[in-house]
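To start, the structure itself, in structure tokens.
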Amino acid sequence: MGIFRKNFSRSAGDLVLRDDQADYPSLMEASKDRRAHGARLRLIDAGHLTAVELEQIGLSGAEIYTSDAARLTPADFFMMIDATKKGRGLLAYFHHGPLAATPETATLPFETVLEMARRGAFLYFSNKSVRRETEALTVLAEAARQGKRRLIYYHHGSISEGLEDLAGKGAWIHFLSETAAEDQDVLRLGELAKAAAAAGAGVVFHVERLIPVPKIEDLMAAGAHFLFRTPPSDYRSPYRSLEERASRRRLDPRACYLYCEFMR
């Protein structure tokens with residue numbers, strides 16, 4: 001515990017730890033220390049702590065990042081949501097499995113996730129590995145908004161039906177930049193960005209491959225956020241000013257699951 005205190009006590013800024021990187025007393029100490037210095041412990045729940053221990057850490061003001069890969073008992077999630085709200089932190093929940101759970105998939109059913117949204121959890125989804133129904137996500141996004149939280153969705157592939165409704169319910173939606181390859185895609189994505197911004201959220205583009213400058217300019221004008229993951233452009237490049245503009249736009253950290261650098 002002394003080594004932990006030496007490494008992490010009174011350090012500046014938020015502190016990110018997995019629940020297997022320190023014991024429970026040390027994590028509690030770290031959370032209280034961060035809170036005393038105007039920052040947060042951002043704890044990744046990998047299932048190594050009990051729900052009661054996580055409840056206490058939540059009450060201390062930590063942000064807890066959990067998922068259906070870490071635990072599957074609805075009561076545990078409800079308890080953590082209530083604790084983080086009382087502690088003025090947050091509970092961020094990433095749902096990996098299908099929403100319509102069966103004994104074979106062993107993940108949480110839609111009704112449980114819906115109640116989590118209503119109670120005040122930030123919800124995160126991706127269609128990278130599991131197909132998602134935008135109708136179900138839209139219902140969850142509205143419930144999250146009623147719970148004064150948001151649904152965040154990482155969308156891989158072409159633009160699908162229903163994303164306009166999802167954006168209109170205040171969801172944050174992430175895309176890869178190549179989604180805007182065609183002119184008609186840019187127009188539709190621009191409308192998505194406007195709808196999301198009007199509902200208090202937004203659209204985020206992860207630029208792993210550069211697309212034409214006019215497309216980026218049009219989407220920025222519509223209110224979209226850009227996260228450039230390409231090497232910095234030369235000062236003579238037309239992309240340089242776009243990269244600088246993108247870096248000046250503040251992105252709500254809750255619009256990403258733990259790290260904004262990743263397209264999940």
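Just so it is clear, none of the values below were taken in a lab; they were calculated from the coordinates. Here the structure is a predicted model, which means the values were calculated and not measured. A quick note on method: Cβ atoms are made from the backbone with ideal geometry, for glycine too, and the neighbour counts reach across all protein chains shown.
Amide H contacts of Phe226: Phe205, each under 5 Å away and 5 or more positions distant or on a separate chain (H built 1.01 Å from N in the peptide plane; Pro and chain starts excluded). Across the stretch 1-94, the convex hull enclosing all Cα atoms gives 75 Å³ per residue. Here the stretch 1-94 is treated with +1 on each Lys and Arg Cβ and -1 on each Asp and Glu Cβ, and its dipole about the Cα centre works out to around 500 debye. Size descriptors for the stretch 66-154: radius of gyration and Dmax over Cα atoms are 12.1, 36 Å. Annotation: amide H of Asp19 within the under-5 Å range of Ile44, Ala46, sequence separation 5 or more or interchain, hydrogens built in the peptide plane.
Report note on the peptides 165-174, 135-144: ranked by the mean count of other C-beta atoms within 10 Å, highest first, their order is 165-174, 135-144.
Checking every one of the chymotrypsin sites (Phe, Trp or Tyr not before Pro) in the stretch 211-249 against DSSP loop status and a limit of 12 other Cβ atoms within 10 Å picks out Tyr235.
The gain in end-to-end length when the Ala198 to Ser237 segment is fully stretched comes to 10.8 nm, 0.36 nm per residue minus the alpha carbon separation. For the chain, lysine pairs with C-alpha atoms less than 23 angstrom apart, excluding pairs fewer than eight positions apart on the same chain, total 11.
Estimated from helical segments only, the mean residue ellipticity of the chain at 222 nm is -12000 deg cm²/dmol, where each DSSP H run of four or more residues counts as -39500 (n - 2.57). Principal axis analysis of the Cα atoms in the stretch 113-264 yields extents of 52, 29, 28 Å, listed in decreasing size.
The alpha-carbon atoms of the chain define a convex hull whose volume equals 131 cubic angstrom per residue.
Distance from the alpha carbon centroid of the stretch 200-264 to that of the stretch 14-81 works out to 31 angstrom.
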